[in-house]
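To start, the structure under review is shown below, and the notes come after it.
The values are calculated or read from the model by the stated rules, or taken from the named source; none is laboratory data. Here the structure is a predicted model, which means the values were calculated and not measured. Here Cβ is always computed from backbone atoms with ideal geometry, including for glycine, and neighbour counts include all displayed protein chains. What goes into the accessible areas is simple: the full protein's heavy atoms, side chains included, and nothing from ligands, DNA or RNA. Shrake-Rupley method; radii C 1.70, N 1.55, O 1.52, S 1.80 Å.
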Amino acid sequence: MPSPFEGFSWRRTKAPGSTEPGYRTDDCFFLDAMTGWAVNSEGNIIKTSDGGDTWTTQAQFEDVYLRSVGFANATTGWVGTL
């Protein structure tokens, strides 16, 4: 039985990074090929509208480690933390 993931591959995005040790982006969620959100260990929610070529910060929370993000539709979403 062929893998359902044939033809797919991982690629690095241009999501903003950090110089802080231990920084990481823990989750991303795409509504379609162009529109997606990501969350990271620095408390940032970031969004792309061009498939990951550029990202803009949507919200920033001090001293919060964001771990997950998901959306029900284009206007309703959730983020999770520890």
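List the longest stretch of the chain that has no exposed loop site; here a site is one of the chymotrypsin sites (Phe, Trp or Tyr not before Pro) assigned by DSSP to anything other than H, G, I, E or B, with at most 12 other Cβ within 10 Å. If you can, show how the numbers build up before the last one.
On the way: sites that count: Phe5, Phe8, Trp10, Tyr23.
Of all site-free stretches, the longest is 24-82.
Any idea of the accessible area per residue across the chain, 1.4 Å probe, to the nearest Å²? On a per-residue basis, 74 Å².
Comparing Thr56, Gly7, Ser68 along the charge dipole axis of the chain, the residue lying farthest to the positive side is Gly7, per the Cβ-charge model. Panel note: the C-alpha atoms of the chain, placed on their principal axes, show extents of 46, 31, 25 Å (largest first). Can you check what the net charge comes to around Leu82, using other residues whose Cβ is under 11 Å from the Cβ of Leu82 (Lys, Arg +1; Asp, Glu -1)? With Lys, Arg at +1 and Asp, Glu at -1, the neighbours total 0.
Charges at C-beta only: +1 for Lys and Arg, -1 for Asp and Glu. How large is the resulting dipole of the chain about its Cα centre, in Debye rounded to 20?
Details: 6 positive and 10 negative charges, 29 e Å.
In total the dipole reaches around 140 debye.
Keeping the other protein chains in place, figure out the carbon and sulfur percent of the accessible area of segment 20-75, with a 1.4 Å probe. C and S fraction of accessible area: 48 percent. Pairs of alpha-carbon atoms within less than 8 angstrom and 6+ residues apart define the contacts here; what relative contact order does the chain have, in percent? Answer for the chain is 23 percent.
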